[in-house]
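A short reminder: the numbers here are calculations on the coordinates, not readings from a lab. The structure presented is a predicted model; accordingly, all values stated were derived computationally and were not measured. As a convention, Cβ positions derive from the backbone with ideal geometry for all residues, glycine included, and neighbour counts pool all protein chains shown.
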Amino acid sequence: MLPHLDAAYNLARWLLRNDADADDVTQEACVRAYRFFDSFHGGNAKTWLLTIVRHACYTWLKQHRAEKSTMPFDEQQHSSNNSDPVDGHDPFSANPEALFLQDADRRLLHRCLEELPLEFRETLILRELEGLSYKEISTVMEVPIGTVMSRLARGRALLQQQFAANNVQEA
Amino acid sequence: MDCQRVLSLMDGYLDRELDLTTQLAVEQHLADCPACFAISQRQQALSAALGAEARYHRARPALAAGIQSALDKIDATSGTKRRQAPRWLSLAASVAIAAFVGSGITYWLAGPSPDELLTREVIASHVRAQMVAGRLTDVSSSDSHTVKPWFNGKLDFAPPVLDLTTQGFPLVGGRLDYLANRPVAALVYRHRQHLIQLYVWPAADRPDAARHALTRQGYQVFYWSDNTMRYWAISDLNADELKTFSSLIQEQAAAGRVMPATRSLPTAEDMR
């Protein structure tokens with residue numbers, strides 16, 4: 001009955017990082033989307049719904065708490081060329097075809113992604129989990145495509161970096 | 001293209017978002033530069049891991065139910081269900097179709113089949129012929145030797161016009177019609193109070209002896225081909241009786257009691 005509900009919930013869940021909050025916000029946003037359906041004039045329904053959900057998430061975050069990144073974002077650090085793998089276990093140096101993450105790695109990757117600053121996290125979710133094109137992401141996030149591209153690049157670099165760093169810590 | 005530039009384009013390259021020329025330039029550089037290639041491999045591995053390993057949070061059934069009940073409540077209080085629900089559904093359908101069409105490989109499957117399109121044309125023609133007074137037949141006669149020659153000079157083929165009176169399907173007449181982008185013969189038969197229309201035109205391609213049966217909008221539709229002609233029969237008769245009719249046409253046409261021939265001159269039989 002409700003198309004793209006999973007996509008809506010997935011985005012909300014990754015932005016809010018809590019099941020109950022994601023439930024509430026998704027429900028509110030979807031009900032609103034349905035009621036204001038007259039404002040939808042064709043085009044891509046998925047990006048349309050995700051735009052509404054994203055707005056609802058931001059409103060919720062603003063009302064309930066300032067989004068505090070648990071991971072300090074060091075502009076200096078991440079903008080440097082991080083092509084050198086951090087010493088130690090580095091699953092991403094493997095051939096992508098042969099890539100197999102251990103459970104621990106998977107949990108770590110999940111946590112690193114969840115702790116990315118909001119704007120990088122949402123860009124990565126829309127791209128890697130939702131499979132949206134740059135153009136669709138730029139529609140949902142209401143930013144130029146160039147910004148999408150740079151956020152993806154920075155987000156990925158940061159994620160790799162954090163993953164490698166945490167991996168070393170835990171090793 | 002230098003390494004700096006390639007690294008700045010890496011995400012766009014791996015996401016296949018660059019224009020073709022740039023995409024190929026990056027590809028060329030990666031083939032020549034092991035350092036950049038290693039970085040592309042790492043990044044590809046990360047994306048693959050995210051796609052495969054990161055948790056996709058699916059909505060729980062309770063959430064869908066909650067939204068549904070909230071929507072129902074709104075519908076109940078504002079009475080907008082009839083207005084909005086179908087549009088929401090049609091949105092879902094349009095999205096499904098768009099996804100289907102967009103998937104390229106299945107592109108050709110998305111549209112109705114040629115036979116389905118033809119079925120719609122046949123139904124429309126059948127309905128229109130009975131709706132408009134005087135439209136049903138151009139030549140009204142129960143005599144096949146009156147109806148068949150009437151088509152001479154109007155079509156580039158001689159449709160088989162059969163006399164099935166003794167079998168309970170008297171001829172009513174015939175008319176010209178236009179189907180499948182060509183003029184066709186429409187033959188009208190009657191069974192009790194029910195009209196049967198038989199559309200006939202030369203088979204362009206393969207004979208398809210198998211008889212296809214459909215029900216659309218309460219009409220029965222049978223269609224088949226033989227070596228020379230395509231036949232589409234439509235009626236509000238029940239399926240069994242239209243099947244009998246179709247079998248008779250099929251048998252008698254095949255038995256050569258009429259010799260349909262494309263672009264033939266009128267036969268001696270026609271002249272009689």
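Observations, loosely collected:
- Computed label-point distance, nm, for sites A:I145 and B:Q167 using a 7 Å Cα→Cβ extension: 6.4 nm
- Full extension of the segment from A:A104 to A:R17, taken as 0.36 nm per residue of separation minus the current Cα-Cα distance, would add 29.4 nm.
- Region A:5-64 shape via C-alpha gyration tensor axes, a/c threshold 1.5: prolate
- Relative contact order, percent, region B:115-271 [alpha-carbon distance under 8 Å, six or more residues apart]: 21 percent
- Prolate/oblate/rounded call for region B:3-48, Cα gyration tensor, a/c under 1.5 rounded: oblate
- Estimated FRET transfer efficiency when R0 is 45 angstrom, pair B:A255-B:R128 (beta carbons, to 0.05): 0.85
- Counting, for every residue in A:7-19, the Cβ atoms of other protein chains within 10 Å of its Cβ and taking the mean gives 3.
- Cα-based Kirkwood hydrodynamic radius, region B:115-271, one decimal, Å: 15.4 Å
- Signed unit charges on C-beta, dipole axis of region B:3-48, positive-most listed residue B:A25, B:Q41, B:M10: B:Q41
- Taking A:R65, B:R216 and counting other C-beta atoms within 10 Å, the order from fewest to most: A:R65, B:R216
- B:Y56-B:E27 FRET efficiency (beta carbon distance; Förster radius 22 Å; 0.05 resolution): 0.15
- Rounded to whole Hz, the Karplus (6.51, -1.76, 1.60) HN-Hα couplings of region B:181-192, x for glycine and proline: 6, 7, x, 10, 8, 10, 9, 10, 10, 10, 9, 6
- Magnitude of the charge dipole for region B:115-271, about its Cα centre and with charges confined to Cβ atoms of Lys, Arg (+1) and Asp, Glu (-1), is about 260 debye.
- Label-to-label distance, B:A38 versus B:Q4, with points set 7 angstrom from Cα along the beta-carbon direction: 2.2 nm.
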